[in-house]
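The values are calculated or read from the model by the stated rules, or taken from the named source; none is laboratory data. Please read these numbers as outputs of a predicted model, since none were measured by experiment. Here the Cβ positions follow ideal geometry from the backbone for every residue, glycine too, while neighbour counts run over all protein chains shown.
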Amino acid sequence: MTKHWFTCKVKYVRHDAEGAEIKATESFVLDAYNYTEAETRMTEICEQEGIRPFEIVQITKSNLAEVIRFEDGDEWFKVKIALTSLDDGKEKESYQHILLSAMDIRDAYDKVKKHMNTVGVGFVIPSIVFQRITEVFPLEEAGGSHALHGAPVESQMIA
């Protein structure tokens, strides 16, 4: 069975500095084997984080191949990478999406380029898009993702 990354949108009521109630909808990313496990994990995470009452309004399987957290970045960016390979003398492109934390788009570009240079295949970065993600929760870690020094939290190829 293969793990997938899911984006979960959670709607809840929070209180601002003056104590007024504010309706909020936030996105979380987590990995799970199926939608049922993703919903169960998101429910457990909300309870652990003290988010009550809450409603999980959407769960979407994402096309992420890898999620990388860097200690110095607190914003999330989805990077589309075009990988180039030769197949029977013909050049083929395949696409892969990586979610990574960075300070800004330039930082995200530099980090993904450095990461991809270690792979040793030809690539182009056609797009980098800012994502409004509150937190990422990999299955291996309790309480969120805290991979150190840009080490991959989870790497999986999605066919």
Residue pairs qualifying under the 7 Å Cβ cut-off, at least six apart or on distinct chains, with the first in segment 73-90 being of a type in the set (A, V, I, L, M) and the second being assigned to a loop (DSSP other than H, G, I, E, B) and surrounded by fewer than 18 Cβ atoms within 10 Å (Cβ to Cβ), are 83/121
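Yes/no per residue for (1) touching a helix residue (DSSP H, G or I) at 6+ places or on another chain (Cβ under 7 Å); (2) in a loop (DSSP other than H, G, I, E, B); (3) of a type in the set (Val, Ile, Thr):
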site	(1), (2), (3)
7	no, no, yes
19	no, yes, no
28	yes, no, no
41	no, no, no
Taking segment 67-82 and keeping residues in a strand (DSSP E or B) and either hydroxyl-bearing (Ser, Thr, Tyr) or closer than 15 Å to residue 133 by Cβ (or both) leaves 67, 68, 75, 76, 77, 78, 79
Scanning segment 72-85 for residues that are among the β-branched types (Val, Ile, Thr) and at pLDDT 95 or above, the one surrounded by the most Cβ atoms within 10 Å (Cβ to Cβ) turns out to be 79
Residue 28 meets each of (1) in contact (Cβ under 8 Å) with a residue 60 or more places away in the chain; (2) in contact with a Lys or Arg (Cβ under 7 Å, 6 or more places away or on another chain) with one exception, condition (2)
Taking segment 12-46 and keeping only residues that are of a type outside the set (Ser, Thr, Tyr), within 20 Å of residue 133 (Cβ to Cβ) and over 19 Å from the mean Cα position of the chain (by Cα), one is left with 14, 22, 23, 24
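Among the listed residues 108, 147, 142, 102, which satisfies the condition of being modelled with pLDDT under 90, surrounded by 15 or more Cβ atoms within 10 Å (Cβ to Cβ) and among the small types (Gly, Ala, Ser)?
147
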request  = For segment 86-93, state whether one or more residues are outside any strand (DSSP E or B) and either surrounded by 16 or more Cβ atoms within 10 Å (Cβ to Cβ) or under 18 Å from the mean Cα position of the chain (by Cα) (or both).
outcome  = no
